[in-house]
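Working notes for the structure below.
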């Protein structure tokens, strides 16, 4: 099914347009806020060809489509919500997807248990603090394509420079090196823009505040006998400034008369937030940034394999609990400070454990539906999209999820032992290798995660869901 036909099928199940409150997407998921939804809708969406999985996250319905495809499907879906008749593919107009009951198939119901469990866990843990972390993570999601592009350039350039040292002296190498560092040069501006938008302020004011604390001319200014440091505090300082900006801006709009608001609100917002940024928030952000950088490097540098084992093994449960959002600004800050994040290769091993565990399930199960699920989800799992394997295989089966955690732990131990760094965020699995500074070691760690996840799942066993839905414990 092409992207236009898939968008049409999704629209038929989630529409009409009046039922659709908002449409957004991230790197892999079409994210919908609907006025009404039910289990039958979720089950029917999961059956569509091209849909890798569906996650009901409470307020938001997330349809997993995978990298690349999600952009095209979202664009076509948005056109349909706007009433664009031309967006309806002629061959799909007569095709209406069958609306199924979530419990109509014993196998589908068994596999769907993982999604229900995940939804219950996330709802129970939707605390204000975790929702704040989710909001902060949303600031960086639009930047992920830039991190991927620049990170892959930097990673591949690093390999080319080691293979041919003379290449580092060429104009092409120097231009590519500049291209690879571009996202870091403009990061504070992008983060300020997105953060202000997320916190309810004017985005461009957030952008220029990010530019203010990054301006090279700050180095020529002394405050309290000390020269200011451009960019001090990195993205942490920008987040603090943008949050303050939104607060000030909302207050000013309440007290400034409408006829003067156009002129005075942005002026006073910039002056007040900018002053606080230079005098207070930038030094505070610098302190927090230094603490984060030192803690991350010290934990992995001194803890080595043990730290990597614990982080790699705990990552999947952290995702289940919703606390994984806290790592997004940490990755961004490490990238800003050091050019690489040493946490991402460790955490990415959880996906490798998923792949190994799922292969073990494929080898042992006699359930044809489960085998088909694994066969369709494994390729995207290897490429770093792990949701179909989590919600379709390991989580509902229970013990394979534990096996995947064990695989991630051993893979993480390898990455941490050699302090492998990645010059990007937003990708994992096999593609991440190209953005790392030690490609052979990263691949060794990934292979370790595959093998360990496979072996652990094979030894732990699992309840194989038979074709007729009757419990079967022969694989335990």
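The values are calculated or read from the model by the stated rules, or taken from the named source; none is laboratory data. The structure displayed is predicted, hence computed values, not measured ones. No Cβ is skipped: glycine too gets one built from the backbone with ideal geometry, and neighbour counts run over all protein chains shown.
Identify, by number, the condition in (1) within 19 Å of residue 252 (Cα to Cα); (2) modelled with pLDDT of 90 or more; (3) buried (at least 18 other Cβ atoms within 10 Å of the Cβ) that residue 203 doesn't meet.
(3)
Hey, among the residues in the stretch 212-241 that are assigned to a loop (DSSP other than H, G, I, E, B) and touching a strand residue (DSSP E or B) at 6+ places or on another chain (Cβ under 9 Å), which one's surrounded by the fewest Cβ atoms within 10 Å (Cβ to Cβ)?
Among residues in the stretch 212-241 that are assigned to a loop (DSSP other than H, G, I, E, B) and touching a strand residue (DSSP E or B) at 6+ places or on another chain (Cβ under 9 Å), the one surrounded by the fewest Cβ atoms within 10 Å (Cβ to Cβ) is 221.
Going through 292, 278, 288 one at a time, which residue ends up being surrounded by 13 or more Cβ atoms within 10 Å (Cβ to Cβ), assigned to a helix (DSSP H, G or I) and touching a residue at least 60 places away in the same chain (Cβ under 8 Å)?
Values: 292 fails: touching a residue at least 60 places away in the same chain (Cβ under 8 Å); 288 fails: touching a residue at least 60 places away in the same chain (Cβ under 8 Å).
From the options 292, 278, 288, the qualifying one is 278.
Starting from the stretch 197-208, keep only residues that are not assigned by TED's automatic domain parsing to the domain that holds residue 273, then list their pairs with residues that are at pLDDT 90 or above and part of a helix (DSSP H, G or I) whose Cβ atoms are within a distance under 8 Å, requiring at least 6 positions of separation or different chains.
Sorted first by the residue in the stretch 197-208, then by its partner, the list stays empty.
So is residue 193 at negative phi, out of contact with any strand residue (DSSP E or B) (no Cβ under 7 Å at 6 or more places or on another chain), without any contact (Cβ under 8 Å) to a residue 60 or more places away in the chain and crowded, with 23+ Cβ neighbours inside 10 Å or not?
yes
Going by what's in this entry, would residue 12 be described as modelled with pLDDT of 90 or more and either in contact with a strand residue (DSSP E or B) (Cβ under 9 Å, 6 or more places away or on another chain) or more than 27 Å from residue 379 (Cβ to Cβ) (or both)? Can you show your working first?
On the way: modelled with pLDDT of 90 or more: yes; either in contact with a strand residue (DSSP E or B) (Cβ under 9 Å, 6 or more places away or on another chain) or more than 27 Å from residue 379 (Cβ to Cβ) (or both): yes.
It is true that residue 12 is modelled with pLDDT of 90 or more and either in contact with a strand residue (DSSP E or B) (Cβ under 9 Å, 6 or more places away or on another chain) or more than 27 Å from residue 379 (Cβ to Cβ) (or both).
Go through 361, 393, 385 for me and flag whichever is buried (at least 24 other Cβ atoms within 10 Å of the Cβ), over 19 Å from the mean Cα position of the chain (by Cα) and within 19 Å of residue 29 (Cβ to Cβ).
393
Out of 271, 244, 262, 267, I need the residue that is within 27 Å of the chain's Cα centre (by Cα) and either under 24 Å from residue 145 (Cα atoms) or assigned to a helix (DSSP H, G or I) (or both). Which one?
Within the list 271, 244, 262, 267, the selection yields 244.
Any idea which of 335, 311, 347 is out of contact with any strand residue (DSSP E or B) (no Cβ under 6 Å at 6 or more places or on another chain), closer than 28 Å to residue 189 by Cβ, assigned to a helix (DSSP H, G or I) and touching a residue at least 60 places away in the same chain (Cβ under 8 Å)? It would help to see each step written out before you state the result.
Working: 335 fails: out of contact with any strand residue (DSSP E or B) (no Cβ under 6 Å at 6 or more places or on another chain); 311 fails: closer than 28 Å to residue 189 by Cβ.
Answer to the check: 347.
Please work out which residue is farthest from residue 247 (Cα to Cα), limiting yourself to the stretch 160-211 and to residues that are within 26 Å of the chain's Cα centre (by Cα) and outside any helix (DSSP H, G or I).
181
Could you tell me whether residue 312 is surrounded by fewer than 16 Cβ atoms within 10 Å (Cβ to Cβ) and either over 23 Å from residue 196 (Cβ atoms) or over 31 Å from the mean Cα position of the chain (by Cα) (or both)?
Judged against the criteria, residue 312 is not a match.
Here are 411, 351: which of them is modelled with pLDDT of 95 or more and buried (at least 21 other Cβ atoms within 10 Å of the Cβ)?
Exactly one residue qualifies, and that residue is 411.
For residue 334, are the conditions met, namely being farther than 25 Å from residue 436 by Cα and under 20 Å from the mean Cα position of the chain (by Cα)?
In short, no.
Given the condition in contact (Cβ under 8 Å) with a residue 40 or more places away in the chain, surrounded by 11 or more Cβ atoms within 10 Å (Cβ to Cβ) and within 25 Å of residue 288 (Cβ to Cβ), answer yes or no: does some residue in the stretch 253-267 qualify?
No.
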